[in-house]
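Only one structure is covered here, and it is reproduced in the block below.
No value in this document is a laboratory result; all are computed from the given coordinates. These numbers come from a predicted model, not from an experiment. Cβ coordinates were reconstructed from backbone atoms using ideal geometry, including for glycine residues, and neighbour counts include every protein chain displayed.
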Amino acid sequence: MTVDGFVGGPQGQLDWMTLMGTKDDQLIAFINQLTDTSDTILLGRKMTPGFISYWEKAASQPDNPEYDFARKMVGMPKVVFSRTVDRVDGKNVRVHTGDVVEGVNAIKRQPGKDVVVYGGATFVSSLLEHNLIDELNLFVNPTAIGNGLRIFSGRKPLKLEVSTPYPSGIVVSTYRPAGTV
């Protein structure tokens, strides 16, 4: 997200993201750790096509610096939440068309590792609204864009667990909903 609280430009643009084109080994290690402790990715429908095509293309290019990470992303089961489509092309992708709360809670009850959410803004906002996120890692990029897409639409008390600045200028702050352990 940007320092002024946006997770995408007005049309969902991500060209402001510092990590794109920047090598930050410490931040990449943290992202790998988050990925390695997860076994399922949740996605909103709108951002899924770009997400799937990006990582599947990177996973098909052994000379791509993101190749190893891309293989993890492609290999991990992905659940797309949608009210409008019942099928999405891609490897290890399934679509959940039912109630978001019931669907996410069913996934969380399954044995295994953590579940990671990659977005988009409307989907994450819905998860926050329904108290379905146990831990929130905000990657705050050192830029402001003035307007765009937000994930917070109202008051949401949070408890800061840790905040870490990285050489790229990104600060990752980990929060839990206030009142949880």
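Annotations
- Comparing Cα centroids, the stretch 1-76 and the stretch 116-137 end up 16 angstrom apart.
- Mean sequence separation of contacting Cα pairs (under 8 Å, at least six apart), scaled by the length of the chain, corresponds to a relative contact order of 31 percent.
- Summed residue charge, Cβ within 15 Å of MET76's Cβ, Lys/Arg positive, Asp/Glu negative: 0
- Neighbourhood net charge (9 Å Cβ-Cβ; Lys/Arg +1, Asp/Glu -1) for LYS113: -3
- Note on LEU160 and ASN137: their simple-model spin labels are 1.9 nm apart, each label 7 Å out from Cα toward Cβ.
- Straight-distance candidates among the lysines for linking to LYS91, with alpha-carbon spacing under 27 Å and chain neighbours fewer than 8 residues away dropped: LYS46, LYS57, LYS72, LYS78, LYS108, LYS113.
- Rounded to 5, the percent of DSSP beta bridges in the chain classed as antiparallel: 50
- Translational diffusion coefficient (Stokes-Einstein; Kirkwood radius from C-alpha pairs) of the chain at 37 °C, 0.692 mPa s, in µm²/s: 191
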